[in-house]
1. Residues Asp180, Asp184, Asp194: which one is within 19 Å of Ala164 (Cα to Cα), at pLDDT 95 or above and open to solvent by 10 Å² or more (accessible area, probe 1.4 Å)?
2. Can you list the strands (runs of 3 or more DSSP E) found entirely within the range 1-90 that contain at least 1 residues being in contact (Cβ under 8 Å) with a residue 12 or more places away in the chain, open to solvent by 70 Å² or more (accessible area, probe 1.4 Å) and β-branched (Val, Ile, Thr)?
3. Name the one entry in Val239, Val248, Val264 that is touching a residue at least 60 places away in the same chain (Cβ under 8 Å) and among the aliphatic types (A, V, I, L, M).
4. Are any residues in the range 302-331 of a type in the set (D, E, K, R) and touching a residue at least 60 places away in the same chain (Cβ under 8 Å), and if so, which ones?
5. Out of Val66, Val62, Val23, I need the residue that is farther than 27 Å from Asn196 by Cα, at pLDDT below 90 and out of contact with any Gly (no Cβ under 8 Å at 6 or more places or on another chain). Which one?
6. Just one of Ala250, Ala182 is of a type in the set (A, V, I, L, M, F, W, C), under 30 Å from Leu281 (Cβ atoms), in a loop (DSSP other than H, G, I, E, B) and out of contact with any Cys (no Cβ under 8 Å at 6 or more places or on another chain); which is it?
7. Could you check the range 269-295 and list, in sequence order, the residues that are among the hydroxyl-bearing types (Ser, Thr, Tyr), touching a residue at least 24 places away in the same chain (Cβ under 8 Å) and not in a strand (DSSP E or B)?
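The values are calculated or read from the model by the stated rules, or taken from the named source; none is laboratory data. All of these numbers come straight from a predicted model, not from anything done at the bench. In this analysis, Cβ positions are derived from the backbone assuming ideal geometry, glycine residues included, and neighbour counts consider all displayed protein chains. What goes into the accessible areas is simple: the full protein's heavy atoms, side chains included, and nothing from ligands, DNA or RNA. Shrake-Rupley method; radii C 1.70, N 1.55, O 1.52, S 1.80 Å.
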Amino acid sequence: MDIPSTLSMTYGEQKEISLPANVLDASDIKLNLDFSQNENIKINNTEFLKDKLSKAITIDKVSGKVMLNSTLLYANGVVSVVNGTRLPENYKITIDASSEKQNFKSTKTIEVKITPAKLTVKGLDNKSAISVAYVIYGEKTNFELESSLKVDADMNWGIENQSALGTVVSLNTNVIKFADNAGDPDKKVEKTYDVNSALLKDGFPVATTTLRVIFIPKIKFFFGTYYPEYDLTVLTNNVYIGLSNGYVSAAPTLSPETYKSSFVITGIKKNGQSFTDTESLFSINDKTGSITLKKSTTLTRGAYEITVKAITTTGLEFFTTLTLNMESLEE
């Protein structure tokens, strides 16, 4: 039979194999499926692998197609968290076709490989193999797992590397939770956790994902100076300058500095009202965050509040303001 000898599927998919016309043309064609090349391991208390295969893989004799429903099976090569049973690396399906009138008998074995579906984490970018979340010490650390699969009664959620993570990570239904003491006890050093979560069916993972959670110190962002040895902050975010004068500010503080990436002005207000900088008098050094004001005779006295956004290396965003109070210089 001229059909592929291998077939790959993702758990949740349904596929069909069309048998060749020279086989189906026989009016007395006899078709049979044989699963004897698979070790008939015990799946649960009442069913064996052969039982599952015979339900998941069938022949539609009207269309002459072999129908495969992966949702009635399991991903290959995975281990049950219930009894430690390992499923085979593939399922071997033997198709027997015979016809007395046309005097032929044909046999074909197909190796079917089912891989786990991918779980997603609500609110995160799930395009990469590993979903990454940065958490500042003290912030909420709950993550909700989602699946496109129908979660049946014989399924449950689990963490595959629970023993390695210990009690700092737990799972409540499909919500990953971190204990308050997760990460560095002093909350000053990064700490990374890789959580391998799975949707389990009869103890076998049928959908999986890895969530990488990185705890980072609390980030300080302001115009001024920070003395970490004393945890002392000196603000210089309210400056008085002469009207029409130019000005270049010191760079804002972003601590820890290792997270410094880029800066942008997001808005300007004058005396509390929105201000449009039509002459592009205000600008920012996107690498340092330093604000520059050009000399101009068009600005009038008042308090100009500039909102600056810092985008960190983690992708997190922080905001602060610098107010330039412009007053007329008196002789």
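1. Asp194
2. Passing ranges, in order: 6-10.
3. Val239
4. Glu327 - this is the single residue of the range 302-331 that is of a type in the set (D, E, K, R) and touching a residue at least 60 places away in the same chain (Cβ under 8 Å).
5. Only one candidate passes the filter, namely Val62.
6. Ala250
7. Within the range 269-295, Thr288, Ser290 qualify.
Residue-wise test of (1) within 18 Å of Asn325 (Cβ to Cβ); (2) open to solvent by 50 Å² or more (accessible area, probe 1.4 Å); (3) in a strand (DSSP E or B).
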position	(1), (2), (3)
Ile241	yes, no, yes
Thr258	no, yes, no
Gly267	yes, no, yes
Thr298	yes, yes, no
Ile306	yes, no, yes
Lys309	no, no, yes
